[in-house]
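None of the figures in this text is laboratory data; all of them are computed from the coordinates on show. Note that the structure is predicted; figures quoted are calculated from it, not measured. Cβ placement follows ideal geometry from the backbone for every residue including glycine, while neighbour counts extend to all protein chains displayed.
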Amino acid sequence: MERPQDKVRFDPASPVRVPIARQGRLQLVLFCLDAGQEIPQHTAAATVVMQAFSGEGVLVSGDEAVEAKAGDLVLVPPEVPHAMKAPKGRFTVLATIVSAAD
């Protein structure tokens with residue numbers, strides 16, 4: 001059994017991306033952002049569910065920016081720009097990524 005809380009780690013130089021699981025079209029990835037770090041806006045061909053895992057930060061989907069805390073979810077449809085930011089303190093996000101069928 002994977003325990004995301006056991007995989008949390010921070011790097012003051014850049015955000016840390018930790019693969020948690022992958023099966024078929026499904027991926028789980030933990031993003032660990034130290035204070036002031038961000039994953040810049042980008043798009044993906046997949047559906048992404050960003051769940052604030054610990055701390056507080058900002059989750060961005062399209063034109064909407066959400067102040068998020070542990071447990072909050074943001075759904076990102078395919079090809080919609082998205083980002084995450086830790087403006088004040090450490091922030092972790094568990095991303096569930098579901099790729100389109102081949």
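Considering 66, 48, 74, 98, which residue is surrounded by 12 or more Cβ atoms within 10 Å (Cβ to Cβ) and farther than 19 Å from residue 4 by Cα?
66
Name the residue, out of 53, 31, that is within 30 Å of residue 101 (Cβ to Cβ), in contact (Cβ under 8 Å) with a residue 60 or more places away in the chain and surrounded by 12 or more Cβ atoms within 10 Å (Cβ to Cβ).
From the options 53, 31, the qualifying one is 31.
Quick one: how many residues across the stretch 73-102 are in a strand (DSSP E or B) and of a type outside the set (Phe, Trp, Tyr)?
Residues in the stretch 73-102 being in a strand (DSSP E or B) and of a type outside the set (Phe, Trp, Tyr): 15 in total.
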